[in-house]
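Report on the structure given below.
Every number in this text was worked out from the coordinates using simple rules, so none of it is lab data. All figures in this text were calculated on a predicted structure; none of them were measured in a lab. Using ideal geometry, Cβ is built from the backbone for each residue, glycine included, and neighbour counts are taken over all protein chains shown.
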Amino acid sequence: MIRTLFAAMLAFTLAAPPAAAIAPQTASPDEAKALAEQAHDLIKDQGAETAFAAFADADGSYRDRDLYVFCMDLEGEMLVHPLEPDLVGRNLIEFDQYGDALFRDMIAQVKEAGEGWIKYRWPHPGSDEIRDKTTYVIGHEDGFFCGVGAYR
């Protein structure tokens with residue numbers, strides 16, 4: 001009996017994934033805000049054109065798990081979106097497909113306070129599942145903002 005129990009425990013232990021394999025696949029809101037601040041600093045230091053190219057780089061340092069940087073002008077035109085490049089150049093001010101006027105809300109937040117959190121619903125990357133998300137947006141003096149969101 002003890003041998004059977006020991007063998008079962010050993011098999012379970014060997015079959016269990018290592019701790020690194022079960023690390024969270026979604027980032028926290030704090031991590032999203034930190035990446036938004038890093039993106040803001042890159043724009044200030046190197047300019048929008050260089051920063052936008054870095055944000056769009058699939059293997060770059062501005063992509064982490066489900067985090068990515070997107071940027072939009074204050075009229076609602078998407079300037080960079082690494083996961084949905086077909087959105088770039090489109091005006092999304094009226095977008096509310098998932099029940100939120102999220103881009104209108106982001107623009108209002110930037111105009112009122114310069115930065116802050118916006119809550120809305122958005123498809124989770126790699127699936128069609130619509131989930132709650134919160135995004136930290138930071139405005140730039142050149143008339144656009146960038147944001148990074150985390151699923152809640």
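General observations
- For L87, L35, the sequence from fewest to most other C-beta atoms within 10 Å is L87, L35.
- Relative contact order [Cα under 8 Å, 6+ residues apart], segment 26-151, whole percent: 28
- Rounded if a/c under 1.5, otherwise prolate or oblate - segment 26-151, Cα gyration tensor axes: rounded
- Protection proxy ranking, highest mean first, for peptides 90-96, 71-77: 71-77, 90-96, where packing is the per-residue count of other beta-carbon atoms within 10 Å, averaged.
- Most positive-pole-ward Cα, V80, A101, Y68, against dipole of segment 63-110 from beta carbon charges: Y68
- Separation in nanometres of the label points that stand 7 Å from Cα toward Cβ, at K119 and R90: 2.7
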